[in-house]
């Protein structure tokens with residue numbers, strides 16, 4: 001009898017927690033200008049950066065072929081955004097770690113609602129639709145964290161991403177080395193990105209993976225950035241040095257540049 005009462009109480013507590021979480025997600029969506037509600041069976045949810053997630057259990061054969069996805073992946077999960085690429089990619093990296101999926105497509109649109117950077121389209125491939133859906137859920141839920149080290153004002157933005165153990169999504173989209181600490185260090189306008197890239201490389205013993213600027217790999221966006229790998233402590237040190245300098249420069253140009261959520265690095 002006592003156990004039955006305890007189980008009932010726990011069920012009520014869990015139900016209230018689920019309802020509270022749903023209310024928070026809906027409030028965040030409304031704040032971004034959306035309802036957070038959708039009657040489509042494929043709809044999974046929304047997240048920061050004007051990001052929306054869907055799952056398709058069985059993709060049309062002709063479309064599947066045109067998308068050039070491995071035939072074994074009949075189910076796909078979709079993450080699509082107007083604002084942000086790094087946060088979505090790093091969230092996708094966590095999703096791939098947590099599920100039996102593969103990131104089969106990652107495309108960066110010249111977007112940011114007309115800003116300096118990119119939007120993104122990320123597609124997970126899965127043999128089971130439940131895996132595809134779970135990957136989308138994990139990625140959407142992680143955006144609040146990965147937007148933590150995105151800073152901005154009317155003049156531009158800064159973005160820093162870090163993982164102690166890069167997985168396949170970060171490797172495919174950003175050239176990370178599997179299992180190694182990895183960071184993205186970025187700023188717009190591009191000149192600030194060049195400055196903080198130099199500061200980051202001088203601040204710690206890290207390996208440079210790639211350098212990008214408006215004519216080198218960014219699809220003409222007004223961003224400058226590097227990706228680095230190495231010892232976890234050194235990579236974080238490089239990010240911290242670049243972040244401190246970047247905030248000073250961007251604030252001199254356009255005033256306060258607060259974090260989009262809560263810094264995590």
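What the table shows:
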{"read-out": "Of residues in segment 97-114 being touching a helix residue (DSSP H, G or I) at 6+ places or on another chain (Cβ under 6 Å) and closer than 15 Å to residue 86 by Cβ, the one surrounded by the fewest Cβ atoms within 10 Å (Cβ to Cβ)", "value": "106"}
{"read-out": "Any hit, segment 68-89, residues being modelled with pLDDT of 95 or more, under 24 Å from residue 119 (Cα atoms), out of contact with any strand residue (DSSP E or B) (no Cβ under 9 Å at 6 or more places or on another chain) and part of a helix (DSSP H, G or I)", "value": "no"}
{"read-out": "Residue within segment 136-152 that is more than 12 Å from the chain's Cα centre (by Cα) and over 27 Å from residue 69 (Cβ atoms) present", "value": "yes"}
{"read-out": "Filtered residue count, segment 148-161, keeping only those that are closer than 15 Å to residue 183 by Cβ and either surrounded by fewer than 22 Cβ atoms within 10 Å (Cβ to Cβ) or out of contact with any strand residue (DSSP E or B) (no Cβ under 7 Å at 6 or more places or on another chain) (or both)", "value": "1"}
{"read-out": "Residue within segment 175-182 that is in contact (Cβ under 8 Å) with a residue 24 or more places away in the chain, closer than 18 Å to residue 229 by Cβ, touching a strand residue (DSSP E or B) at 6+ places or on another chain (Cβ under 9 Å) and not in a loop (DSSP other than H, G, I, E, B) present", "value": "yes"}
{"read-out": "Qualifying positions in segment 134-147 - outside any loop (DSSP other than H, G, I, E, B) and crowded, with 24+ Cβ neighbours inside 10 Å", "value": "135, 136, 139, 143, 146"}
{"read-out": "Condition met for residue 165 (farther than 23 Å from residue 50 by Cβ, touching a helix residue (DSSP H, G or I) at 6+ places or on another chain (Cβ under 9 Å) and surrounded by fewer than 24 Cβ atoms within 10 Å (Cβ to Cβ))", "value": "yes"}
{"read-out": "Counted residues, segment 59-96 - those being crowded, with 23+ Cβ neighbours inside 10 Å and under 12 Å from the mean Cα position of the chain (by Cα)", "value": "14"}
{"read-out": "Scope segment 181-208; condition under 25 Å from residue 168 (Cβ atoms) and either surrounded by fewer than 18 Cβ atoms within 10 Å (Cβ to Cβ) or over 21 Å from the mean Cα position of the chain (by Cα) (or both); matching residues", "value": "200, 206, 207, 208"}
{"read-out": "Segment 227-262: number of residues that are under 18 Å from residue 84 (Cβ atoms) and surrounded by 15 or more Cβ atoms within 10 Å (Cβ to Cβ)", "value": "9"}
{"read-out": "Residue in segment 196-205 that is touching a strand residue (DSSP E or B) at 6+ places or on another chain (Cβ under 7 Å) and modelled with pLDDT under 95 present", "value": "yes"}
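The values are calculated or read from the model by the stated rules, or taken from the named source; none is laboratory data. Keep in mind it's a predicted model, so treat the numbers as computed, not measured. Cβ coordinates were reconstructed from backbone atoms using ideal geometry, including for glycine residues, and neighbour counts include every protein chain displayed.
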